[in-house]
Amino acid sequence: VKLEDAESVKIRFLQELDPDSPTYNEKAGLGFIAVEHTNPKDYRRKALCTMEDQGKCYGCEQHRKDYKAGWKGRSRLYINVLVDDGKEDPYVAILSQGSSGKTITPTLIEYAGEMGSIRNLMWRVKRSGTKTDTSYTIIPLAKDESPFDSSSLELFDLETTAVRDMPYTEQEAFFAGENSHADEASASSSNLDW
């Protein structure tokens with residue numbers, strides 16, 4: 001599903017952002033925010049920044065060479081959701097959103113901090129605009145009267161399906177389009193392109 005201008009869907013978060021949340025489920029795990037670099041000439045070539053855990057990162061090196069070239073690391077939220085688009089049966093997908101004010105991420109983080117949970121209710125997400133002039137809004141709907149049972153749902157392993165983590169030695173070839181192994185494990189292959 002890709003939301004078009006003025007389209008909206010109902011979603012339920014299947015993971016929390018904080019393990020101290022009263023509705024945290026250890027089996028479901030947590031959604032997370034990742035820092036990624038994207039090849040400015042091919043948005044599909046996106047990989048995790050490895051500076052912190054490997055001590056070097058191809059994307060960071062490119063950004064230092066030319067700060068205006070578009071290699072700057074960007075934060076992105078990844079979390080499993082149950083989507084109800086009103087057209088087909090609800091299904092599990094990965095919600096992927098940046099962290100700018102035009103995304104749902106700042107509102108969601110603030111809500112989680114204030115209310116302690118994002119799993120205990122349904123939400124409506126709406127897209128407004130097109131291309132680079134796009135923004136998303138999120139509105140909490142009624143809280144659950146009884147706990148929602150998500151135990152029968154199969155969640156995506158975010159570490160292997162949502163993000164691409166690769167050794168520094170493979171990064172240059174990947175960003176240049178020469179690494180077919182990384183293409184097979186195409187990260188951000190969720191059903192939702194947000």
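The values are calculated or read from the model by the stated rules, or taken from the named source; none is laboratory data. In this text, all values refer to a predicted model and were calculated from it rather than measured experimentally. With ideal geometry, Cβ positions are generated from the backbone for all residues, glycine too; neighbour counts draw on all protein chains shown. Calculation scope for accessible area: heavy atoms of the full protein, side chains included, ligands and nucleic acids excluded. Shrake-Rupley method; radii C 1.70, N 1.55, O 1.52, S 1.80 Å.
Evaluate the following for R127: is it in contact with a Ser or Thr (Cβ under 8 Å, 6 or more places away or on another chain), farther than 14 Å from R12 by Cβ, open to solvent by less than 30 Å² (accessible area, probe 1.4 Å) and not β-branched (V, I, T)?
Criteria met by R127.
Here are Y43, Y67: which of them is without any contact (Cβ under 8 Å) to a residue 12 or more places away in the chain and part of a strand (DSSP E or B)?
One residue alone meets the criteria, Y43.
Scanning for something closer than 27 Å to S8 by Cβ, small (G, A, S) and modelled with pLDDT of 50 or more, does the range 157-179 turn up at least one residue?
For the range 157-179, residues closer than 27 Å to S8 by Cβ, small (G, A, S) and modelled with pLDDT of 50 or more: present.
Condition check ((1) closer than 21 Å to S8 by Cβ; (2) open to solvent by 70 Å² or more (accessible area, probe 1.4 Å); (3) basic (K, R); (4) under 13 Å from the mean Cα position of the chain (by Cα)) across all residues:
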position	(1), (2), (3), (4)
E36	no, no, no, yes
Y43	no, yes, no, no
G59	no, no, no, no
D66	no, yes, no, no
G70	no, no, no, no
G73	no, no, no, no
I79	yes, no, no, yes
V83	yes, no, no, no
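Looking at the range 152-163, which of its residues are under 17 Å from I79 (Cβ atoms) and either open to solvent by 50 Å² or more (accessible area, probe 1.4 Å) or part of a loop (DSSP other than H, G, I, E, B) (or both)?
L153, E154, L155, F156, D157, E159, T160, A162, V163
Looking at K72, K126 in this structure, which one is assigned to a loop (DSSP other than H, G, I, E, B) and of a type in the set (K, R)?
Just one listed residue meets the conditions, K72.
Can you go through D89, D133, D144, D149 and tell me which one is among the acidic types (D, E) and open to solvent by less than 70 Å² (accessible area, probe 1.4 Å)?
Only one candidate qualifies: D144.
Specify which of the listed residues (S96, S117) is among the small types (G, A, S), under 21 Å from I33 (Cβ atoms) and in a loop (DSSP other than H, G, I, E, B).
Matching residue, one of S96, S117: S117.
If you take the residues in the range 106-121 that are hydrophobic (A, V, I, L, M, F, W, C) and open to solvent by 50 Å² or more (accessible area, probe 1.4 Å), which one is nearest to the chain's Cα centre (by Cα)?
I109
So which residues in the range 7-34 are closer than 25 Å to T137 by Cβ, open to solvent by less than 30 Å² (accessible area, probe 1.4 Å) and part of a loop (DSSP other than H, G, I, E, B)?
L14, Q15, S21, G31
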